[in-house]
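Down below is the structure, laid out as structure tokens.
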Amino acid sequence: MINRDLKRIKKLVGNTFKINEDSLFDIQSREGIILANKEYVFKCFTLFNEQIELMKHSLKSKLLPHNLFVLHKKFIDTNQYIIHNYLKLKALSEAIKNKKIETVLSFEVYLIDNLIIAKMPYMDFKPYKGSKKRDMVLLLKKFLELGWIPTDLKPSNIKIKKDGESHLIFTDIGYFFVPYYEELFKTACRRAFISVFFATTDNLNNYLREATHSRHFNYLENPKKQKQVFDKFYKKIIS
């Protein structure tokens, strides 16, 4: 993201939400830019706009087969891609609010000048470094209740409140949340299992990748025993 675009987005957020843009500090993320001050966090999803620019380049360069060319051109001409993701985040936001889910960070979502912005309260968290198995079980139960599943569940996306409450809270709101279906939920549970028991290992990222793509635990020592431990963990979640 070049400085000119960062300045433009800071100005947009400042004007829209009546905030001094000089008070906002920025953090790069996979999905765009995060702006924050001591009251709010604004996640600006430039990823979607960048993907459209990539589609435009592919169309201009004739890198796509005809059927994808037609589909991508329709998305670009009507901005359906951005609107689709805005409505998806809107549905997630309302589900968190209506079901009073406290283990997923609440947020409001806006579509301003073709840019999706999620507004969240600023909160002081402690990092999650594994274990807290009971709290992880509760977190996963709440995903079931919510009806939405994060496909990128990992320790860095989970935090612990500093206000004395012990429960975990999932803080990475965005593109990687999808509506519930069983197989995907099992994948999230495997990633949660890895996060609980292997958060501090040097192989964490490899283990998370394997947990996403494999139902087995052959990448761990004593995979048969690990599978038994996981089955007990999963049973507590769905009971």
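The values are calculated or read from the model by the stated rules, or taken from the named source; none is laboratory data. Quantities reported herein were computed from a predicted structural model and do not represent experimental measurements. Cβ coordinates were reconstructed from backbone atoms using ideal geometry, including for glycine residues, and neighbour counts include every protein chain displayed.
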ask   = Mind checking whether some residue in the range 182-195 is more than 17 Å from the chain's Cα centre (by Cα), surrounded by fewer than 19 Cβ atoms within 10 Å (Cβ to Cβ) and over 25 Å from residue 223 (Cβ atoms)?
value = no
query = If you go through the range 205-229, how many residues are under 19 Å from residue 150 (Cα atoms) and either in contact (Cβ under 8 Å) with a residue 60 or more places away in the chain or not basic (Lys, Arg) (or both)?
reply = 9
ask   = If you check residue 202 against the conditions, is it closer than 25 Å to residue 125 by Cα and either in the same structural domain as residue 29 (by TED's automatic domain parsing) or free of Cβ contacts under 8 Å to residues at least 40 places away in the same chain (or both)?
value = yes
remark   = Scanning the range 163-217 for residues that are part of a strand (DSSP E or B) and of a type in the set (A, V, I, L, M, F, W, C), the one nearest to residue 130 (Cα to Cα) turns out to be 168
task = From the list 158, 112, 116, 83, pick out the single residue that is modelled with pLDDT under 95 and either closer than 27 Å to residue 208 by Cα or in contact with a Lys or Arg (Cβ under 8 Å, 6 or more places away or on another chain) (or both).
result = 158
query = Do the conditions hold for residue 142, that is, is it within 13 Å of residue 130 (Cα to Cα) and either over 14 Å from the mean Cα position of the chain (by Cα) or of a type in the set (Lys, Arg) (or both)?
reply = no
note = Checked the range 203-226 for anything more than 23 Å from the chain's Cα centre (by Cα) and loosely packed, with under 15 Cβ neighbours inside 10 Å; matches are 216, 218, 221, 222, 223, 224, 225
note = Flagged in the range 124-135 as within 28 Å of residue 38 (Cα to Cα) and either touching a His at 6+ places or on another chain (Cβ under 9 Å) or touching a residue at least 40 places away in the same chain (Cβ under 8 Å) (or both), in numbering order, are 125, 128, 129, 130, 135
request  = Report yes if residue 160 is touching a residue at least 40 places away in the same chain (Cβ under 8 Å), aliphatic (A, V, I, L, M) and part of a strand (DSSP E or B), otherwise no.
outcome  = no
note = The number of residues in the range 124-144 that are surrounded by 13 or more Cβ atoms within 10 Å (Cβ to Cβ) and of a type in the set (Asp, Glu) is 1
